[in-house]
1. Where residues in the stretch 231-248 are in a helix (DSSP H, G or I) and either hydrophobic (A, V, I, L, M, F, W, C) or touching a Leu at 6+ places or on another chain (Cβ under 7 Å) (or both), which of them is modelled with the lowest pLDDT?
2. Would it be correct to say that residue 386 is of a type in the set (A, V, I, L, M, F, W, C), touching a helix residue (DSSP H, G or I) at 6+ places or on another chain (Cβ under 9 Å) and modelled with pLDDT of 95 or more?
3. Restricting the search to the stretch 192-219, which residues are of a type in the set (S, T, N, Q), at pLDDT below 85 and part of a helix (DSSP H, G or I)?
4. Can you tell me how many residues in the stretch 360-388 are closer than 21 Å to residue 235 by Cβ and surrounded by 15 or more Cβ atoms within 10 Å (Cβ to Cβ)?
5. Give, as residue ranges, the helices (runs of 4 or more DSSP H) completely inside the stretch 273-389 that count at least 1 residues that are closer than 23 Å to residue 219 by Cα and not hydroxyl-bearing (Ser, Thr, Tyr).
6. Would you mind stating whether residue 357 is in contact (Cβ under 8 Å) with a residue 40 or more places away in the chain, within 42 Å of the chain's Cα centre (by Cα) and surrounded by 15 or more Cβ atoms within 10 Å (Cβ to Cβ)?
7. With 327, 343 as the choices, which residue is modelled with pLDDT of 95 or more and closer than 19 Å to residue 287 by Cα?
Amino acid sequence: MVRRSLWSLVFIWMAVAPACGAALSSQADDPRADAVGEAVVAAAERAEVAAERAEQAAMRGDRASKKADTLVGAMQVFVAVLAFILVVAGSIGLLELRNLREARQQAEAQVAEIRKMRDSLGESWARFVREALERLEALGSYIDGTHPEMERTDEFLDADRVAIVGDALGLARDPNTRFDILFRLGRHWKSQGFYARALQRFERSRELAVDLNASSCGKARALNFMALTLIEWAETLSKRSTQQVTAGHEDSSRSAGASLLQEAEGILVPLLGAGAEVSVETLFVQGKLEWAQRRLDQALGTYAAVIERARNSADEEERADGYRAIYNTACALCDRRKEGDLYRAMGFLESLPRSEGWARWAGEDEDLQPLRDDPNLGPRFERFTFTER
């Protein structure tokens, strides 16, 4: 707009300039005309300078306008590209999120399936081992002292291996199931005379009772049977020691047996001094230890306490411990052999239930040999053992 106005002034000036020149020339001799002419010339020069400046300013404005248009165009392109990128990224993100959700759901389903398979495998493992135990235990009982036939040991070894592997893999999540299996394995190996293997199984039972929050009763039972296994192992070594001395060989078993008894005593200390009432089972094991240590009077007193507490007990295991205490009292009396002890021993044997195999076990027990050899009690003892032959 400014540019067009300036150019209009220039054109007007060019049109009137000749006329002005003629007028001025006609009045050349007039001083006022000279002054006016000079003023007009000066104004024309200033107008020309102003026009040039206006043109330069217009050119700079054009360049700035072009740059602004370029920047605006670039900005529009940038915004469009950015919007496109955001749309694409959002689509990819939604797709990835959906894929992640699907993958997580698939993983959770697979984990649930694996857990289901493990539970099923654990149930199969426990059922297999328990059935093997039941088959072998059916051949004998722990109360009457009969044991499974030794040719079945290979079968039991297979069950034992499967049980150990299953326990290591944690196939059964229930600690009571694993405790029961390992504890029964220990009892079987103890009954077979495999004392080292029995101790390993009882020790694992104790660990399960502690680490897997099994009952405190389970822990005490494992410790009791660990002590009982050590005592029976020591008794076996004591008999072997006697045989070695009788045969004139060096006695290498006595010190080992004493060490086992000392270890058993150490196991029983916390159970006897726990502050609460000592269990019937722990008392029975304590009596067994006192007898093995040749503290016969103390052993007889402990067995008497077991018999008294088990007599009216509703617990099957406690009643069984009471019967064992009666039997062991008879054996300890035969061992002590004070006046009247053999008659008392015979009376204790005859008080045992006839249906649980005690008479058959007594007929083979070397600890009761004094009854067999007694001229008065021998026939009576023979009649007692004959009832289950």
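The values are calculated or read from the model by the stated rules, or taken from the named source; none is laboratory data. Note that the structure is predicted; figures quoted are calculated from it, not measured. FYI the Cβ positions are ideal-geometry reconstructions off the backbone, even for glycines, and counts take in every protein chain you see.
1. Result: 245.
2. no
3. If the condition is that a residue be of a type in the set (S, T, N, Q), at pLDDT below 85 and part of a helix (DSSP H, G or I), then 192, 216 are the ones that fit.
4. Selection size over the stretch 360-388: 10.
5. Ranges flagged: 280-292, 296-311, 316-336.
6. no
7. Being modelled with pLDDT of 95 or more and closer than 19 Å to residue 287 by Cα holds for just one of 327, 343, which is 327.
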